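So the structure is just underneath, and the comments pick up after that.
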Amino acid sequence: MKVSETELPDVLIIEPRILEDSRGSFYECYHLKKFEEFGIRETFVQDNQSRSVKGVLRGLHYQLKHPQAKLCRVVRGEALDVVVDIRQGSPTFGKNLCIVLSEKNKKQIYIPKGFAHGFCALSDEVEFLYKCSDFYYPDDEYGILWNDPDLKIEWSVSLPIVSKKDNLLQRLREVDSEKLPIYKNK
C-alpha cells in the first residue's frame, strides 16, 4: 500500500497494491496493522454503502457529539470525494480537498474526526462504501451548504441532484460556533 499525505493535516490518500492476472484482481482494502503503521488508529464500528445515480451530491455532513473518522472508497463507478476542514482554530479551517475515487483507481481516503464530508456521483451509477469510527446518530447530524461560495468547491457537475435537507444547510461562516468541532493541536 502507498499512503500519501494531503494539504489537509491527517487526511490521507491510500492506494492499494493490486495483484492482477488472467483470473482478475485482488487487493487488501483494509489491514488493521498496516493502517496503524500509517497513523490510522481508529476502531471502525459501522460500514455504510450507498448507491447513487449520476449527478447525485451527498453532503457536506458531520457529527459533533459523536464525531466520525471515515475510510471511503468506490467499488462501482466514479465519484468526486470532498473533505472540508471545519475545526475551529485549525490552520486549514475552511480549506477543502477534492479527489476522484473510482473502481478503476481503487484509491481510498481517510478522513479524521472534525471534517465535513460529501461526494458527487460522476458516473451513471456509483457504489460508495465507507467505514465509520462511530455510529450514526440522526439527532447529531450537521452539515455545511454544498455550494457555499466561500469554499469554492468545483463539484464537476453543473446541476447536481441534492436532497432538500442538504439544500437547506448553512454556509460555513453562518454556522454557530457551538456547532463546529474544535481543533486540537497534537
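Nothing in this text is a laboratory measurement; each read-out follows from the coordinates by a stated rule. Predicted model, so just to flag it, every value in this text is computed and none were measured. Backbone-built Cβ (ideal geometry, glycine too); neighbour counts: all protein chains shown.
From the list Leu129, Leu97, Leu57, pick out the single residue that is surrounded by 22 or more Cβ atoms within 10 Å (Cβ to Cβ) and either free of Cβ contacts under 8 Å to residues at least 60 places away in the same chain or in a strand (DSSP E or B) (or both). I'd like the intermediate steps shown before the answer.
Details: Leu129 fails: surrounded by 22 or more Cβ atoms within 10 Å (Cβ to Cβ); Leu97 fails: surrounded by 22 or more Cβ atoms within 10 Å (Cβ to Cβ).
Within the list Leu129, Leu97, Leu57, the selection yields Leu57.
Can you confirm whether region 144-160 contains a residue that is surrounded by 14 or more Cβ atoms within 10 Å (Cβ to Cβ) and outside any loop (DSSP other than H, G, I, E, B)?
No; the residues of region 144-160 include none that is surrounded by 14 or more Cβ atoms within 10 Å (Cβ to Cβ) and outside any loop (DSSP other than H, G, I, E, B).
For region 83-97, does any single residue satisfy the condition of being out of contact with any His (no Cβ under 7 Å at 6 or more places or on another chain) and within 22 Å of Glu125 (Cα to Cα)?
There is no residue in region 83-97 that is out of contact with any His (no Cβ under 7 Å at 6 or more places or on another chain) and within 22 Å of Glu125 (Cα to Cα).
Give the residues of region 138-183 that are of a type outside the set (A, V, I, L, M), within 16 Å of Gly114 (Cβ to Cβ) and touching a strand residue (DSSP E or B) at 6+ places or on another chain (Cβ under 9 Å), sorted by residue number.
Passing the criteria: Asp140, Glu141, Tyr142, Gly143, Ser177, Lys179, Pro181, Tyr183.
Here is a list of conditions, (1) in contact with an Asp or Glu (Cβ under 7 Å, 6 or more places away or on another chain); (2) crowded, with 19+ Cβ neighbours inside 10 Å; (3) more than 28 Å from Glu125 (Cα to Cα); (4) not basic (Lys, Arg), and Pro112 meets all of them except one; can you say which number that is?
All conditions are met except number (3).
For Leu71, indicate whether it is assigned to a strand (DSSP E or B), touching a residue at least 60 places away in the same chain (Cβ under 8 Å), out of contact with any Lys or Arg (no Cβ under 8 Å at 6 or more places or on another chain) and crowded, with 19+ Cβ neighbours inside 10 Å.
no
Being more than 30 Å from Tyr27 (Cα to Cα), of a type outside the set (Gly, Ala, Ser) and in contact with a Phe, Trp or Tyr (Cβ under 7 Å, 6 or more places away or on another chain) narrows it down to one residue among Val157, Val175, Val84, Val162; which is it?
Residue meeting the stated conditions: Val162.
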